[in-house]
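See below for the structure under consideration.
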Amino acid sequence: MATTPFCLVVAGGGRVVGDERSGAAPSYVFLHGLGSTRSGEKSASLLAHAARQGRGFLRFDMRGHGESSGELGRVKVRQLIDDAVQVLERTGPAVVVGSSLGALVAAHAAAQRPDLFDRLALLAPAFGLMPSLAAHLDEHGYLALGGAPLFYVDPAVREDAASLDETALPARVRAPTLIVHGTADDVIPPRASERFFGAMRANDKQLWLVEGGDHRLTDVAAEIWQRVDALPSPSNR
């Protein structure tokens, strides 16, 4: 399915590379997980769904991943959040779908710029990972999470992660939100999503615990898109 590539220069001279498909608003915007890229199975499924709906679509490699600039383990999460906001300023209010780390980034961006979010879907969001990042590092500062390849985490990135406020975050996310988590997720425990959901004050929120679902949730992607579409859109009120 044809898309058009784009490249954005972001704060500090970094580069974010992605691709997009034109269509009706609000567009779907996909944020991938840690160690992944924009061209995974879920983003391909969402692209096909967007095409069937005649809606716009955009995905991008977060810095430190894929074609974008930066090195994994040396890009701060706050930089990823700022990058996501800049991308969304390109699309206008969007239906944002984030997976794992991408979901965490999306939640922080939604709290920071609610005007850019029509609806929000958080898939196996990595809540709790940043405050406990140091506990997942070996004695040399390398991270191994859920079988992902080892990579070094710069001290500045560790400090940034530890300083992110997840305590107040749920109450600050006001977009209509769907949280999806597999009960068999061996990377991020589903209880993290349950706690976040319970603390949310959004008027429209849903939590779907997928029985036997793993961290990737690719098997239920089509149903996820249907469920997020069913959330009330602020633009229709």
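Structure summary
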item: Single match in ALA199, ALA184, ALA168 (criterion: surrounded by fewer than 17 Cβ atoms within 10 Å (Cβ to Cβ), modelled with pLDDT of 95 or more, under 30 Å from GLY70 (Cβ atoms) and of a type in the set (Gly, Ala, Ser)); result: ALA168
item: Qualifying residue in region 218-228 (condition: buried (at least 18 other Cβ atoms within 10 Å of the Cβ), in a loop (DSSP other than H, G, I, E, B) and modelled with pLDDT of 95 or more); result: no
item: Residue in region 12-20 that is under 16 Å from the mean Cα position of the chain (by Cα), under 25 Å from VAL187 (Cβ atoms) and either surrounded by fewer than 17 Cβ atoms within 10 Å (Cβ to Cβ) or of a type in the set (D, E, K, R) (or both) present; result: no
item: Among (1) more than 18 Å from LEU129 (Cα to Cα); (2) touching a Gly at 6+ places or on another chain (Cβ under 8 Å); (3) assigned to a loop (DSSP other than H, G, I, E, B); (4) of a type in the set (Gly, Ala, Ser), the one test that SER27 misses; result: (3)
item: Breaking point among (1) assigned to a loop (DSSP other than H, G, I, E, B); (2) at pLDDT below 95, for GLY12; result: (1)
item: Residue pairs meeting the criteria (Cβ under 7 Å; at least 6 apart or on separate chains; first over 19 Å from GLN79 (Cβ atoms), in region 89-112; second modelled with pLDDT of 95 or more and of a type in the set (D, E, K, R)); result: PRO93/ASP115; PRO93/ASP118; ALA94/ASP118; VAL95/ASP118; VAL95/ARG119
item: Search result, residues across region 36-70 that are part of a loop (DSSP other than H, G, I, E, B) and more than 18 Å from GLY12 (Cα to Cα); result: SER36, THR37, ARG38, SER39, GLY40, GLY54, GLY66
item: Residue, farthest from GLN226 (Cα to Cα), within region 66-89, restricted to residues that are surrounded by fewer than 21 Cβ atoms within 10 Å (Cβ to Cβ), in contact with a strand residue (DSSP E or B) (Cβ under 7 Å, 6 or more places away or on another chain) and not small (Gly, Ala, Ser); result: LEU72
item: Region 164-193 residues that are in contact (Cβ under 8 Å) with a residue 24 or more places away in the chain, paired with ones that are basic (Lys, Arg) and assigned to a loop (DSSP other than H, G, I, E, B) (beta carbon under 8 Å, 6 or more apart); result: PRO170/ARG201; ALA171/ARG201; ARG174/ARG201
item: Residue check, GLY102 closer than 24 Å to VAL220 by Cα, outside any loop (DSSP other than H, G, I, E, B) and over 13 Å from the mean Cα position of the chain (by Cα); result: no
item: Breaking point among (1) closer than 19 Å to GLY35 by Cβ; (2) surrounded by 13 or more Cβ atoms within 10 Å (Cβ to Cβ), for ALA144; result: (2)
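Quick grid of which residues meet (1) outside any helix (DSSP H, G or I); (2) not polar (S, T, N, Q):
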position	(1), (2)
ASP165	yes, yes
VAL187	yes, yes
ASN203	yes, no
GLY212	yes, yes
SER235	no, no
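The values are calculated or read from the model by the stated rules, or taken from the named source; none is laboratory data. Only a predicted model underlies this, so the values are computations on that prediction, with no experimental measurement involved. All Cβ positions, glycine included, derive from the backbone under ideal geometry; neighbour counts span all protein chains shown.
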